[in-house]
Each structure stands twice: as C-alpha cells, then as structure tokens.
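A.B. asks: Structure below; questions to follow.
The values are calculated or read from the model by the stated rules, or taken from the named source; none is laboratory data. Computed from a predicted model, the values in this text were never measured in an experiment. All Cβ positions, glycine included, derive from the backbone under ideal geometry; neighbour counts span all protein chains shown.
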Amino acid sequence: MNASKPVAIALLALLLPLGAQAAGSAPSETRSEIKREMADARQEVRTEMAKARAELGSDNLSLDQGLHFGKDGKRKSAGKDSLPAAQITPKGDFLVDGKAVAINPQQRQQLLDYRGQVIELARVGIDGGELAAMAALDATDVSLFSLIVGGLSGSLERRVEASVKQHVEPLVRQICQRLPQVLESQQQLATSLPQFQPYATLERGDIDECERDLRNEFATR
C-alpha cells in the first residue's frame, strides 16, 4: 500500500494550472482535469484503506518488532532484530518461528484479548491515515485561482496542515488513551506466557511520550 500517492497527486495538482497555461489550455479544462485527479485519488485512498482494514481481521498479527510508540521506537527495536518471527493468529495461537507454542485456554484468551486491542489501535491509525489524506485532498480541491495563489504564497500548505491536524487529533488522542489498557494486557500476557516476554516492548514511557507528542504536535498556535 502506497498511502502517500494520493497526497502526492494532490500536491502535483498545484502544478497543473501553471503547466496548462504554458500549453495554452483553457482554465475550465484544467479545472476538470484537477477534479478528475482528485476524485481518482479519493477513490484510491478508500480502496487501499478498506483493504488494510480487511487484512487486519484475517491476517496473523506480527510481533517481530514488538509494540512501541514515540521517538524511542528505533532504539527499542534495534535489540530485537535477532528474535525469531512471532505471530498471533485470528484463533489465538501463538507462533514463534512458524511453530505453535503450547498454550492453555486462559493463555489463548489473553492472546486474543491482546491481539484485539492492538488491532483496534491499528484500525484507529488507518482511520487517521484516511482522514488525513481526505482532508489534504479536500483542502487542495479549490478553485483554479485559489489553487495558483495558494501554491505561490504558501497559504494552501498552511490550510492543508490545519485541516489534517483538525481531523487527525481526535484519533491520535484515542490511541494515547487506549495505550494503558494495552500495556496492562501485554504485562499480564508476558507473565502468563514466558515465550511472549521478548515481544512485550510497550512501556509506561511510551504512554507518556505519546501524550507529550500529542500536546506538542497539536498545541494551539
């Protein structure tokens, strides 16, 4: 999935009016072309995001990189590169290097609970990605004159940024608010199932950093 392509189309649309004028095209033709590109981009976003949502429920949940948030993620994952691939299946099986780990019914339920919570976080992230792309496209899909002026003055860039933040902030806040529950579920599972411990990378500091990033990124300016 290339989520940046629709946004790239929106940004490339800024160049269409100037290119069309150079080629002698009529403004109405250029405007129609821009709207077609925008419509195609919106449809691509919807299709890709729907596919991603469907895969969440049907595919195994990969734990290879663990679960972590914030700028400290690279440091945490660096020490986990040698771990064998681990997954939680939709049925609650725990696979390490492709082999099922022996579990009891309680551990299976804990695995399913943890998988469900992580998938819900991923769904919120997908929703946020879709909203951000749509907000960027909507902010860019303006009149021919505004498109040219916005592109030259930087006002369009500011409008896109403001629109994206307005739509995405509530979803980022949801993720931060759900992390304590995910952390608790992860800790219970790591205690119950020792083989899961190396993949339990979410820490209290990640929750704090998520909240700090939320305040800094979406602070009122």
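A.B. asks: Please state which one of A41, A20, A54 is under 17 Å from the mean Cα position of the chain (by Cα) and either at pLDDT below 85 or in a helix (DSSP H, G or I) (or both).
C.D. replies: On the way: A41 fails: under 17 Å from the mean Cα position of the chain (by Cα); A20 fails: under 17 Å from the mean Cα position of the chain (by Cα).
So the residue among A41, A20, A54 that is under 17 Å from the mean Cα position of the chain (by Cα) and either at pLDDT below 85 or in a helix (DSSP H, G or I) (or both) is A54.
A.B. asks: If you don't mind, another one. Residues to consider are Q197, Q187; find the one that is assigned to a helix (DSSP H, G or I), touching a helix residue (DSSP H, G or I) at 6+ places or on another chain (Cβ under 7 Å) and at pLDDT 85 or above.
C.D. replies: Values: Q187 fails: touching a helix residue (DSSP H, G or I) at 6+ places or on another chain (Cβ under 7 Å).
The conditions single out Q197.
A.B. asks: Also, I was wondering about something else. Taking E161 and the conditions (1) outside any helix (DSSP H, G or I); (2) modelled with pLDDT under 85, which numbered condition does it fall short on, given that it satisfies the others?
C.D. replies: Going through (1) outside any helix (DSSP H, G or I); (2) modelled with pLDDT under 85 one by one, E161 breaks only (1).
A.B. asks: A follow-up question, please. Examine the range 65-80 for a residue that is at pLDDT 75 or above, outside any strand (DSSP E or B) and either surrounded by fewer than 16 Cβ atoms within 10 Å (Cβ to Cβ) or touching a helix residue (DSSP H, G or I) at 6+ places or on another chain (Cβ under 7 Å) (or both), and state whether such a residue exists.
C.D. replies: Step one: filter the range 65-80 for residues at pLDDT 75 or above, giving none.
So far as the range 65-80 goes, no, none of its residues is at pLDDT 75 or above, outside any strand (DSSP E or B) and either surrounded by fewer than 16 Cβ atoms within 10 Å (Cβ to Cβ) or touching a helix residue (DSSP H, G or I) at 6+ places or on another chain (Cβ under 7 Å) (or both).
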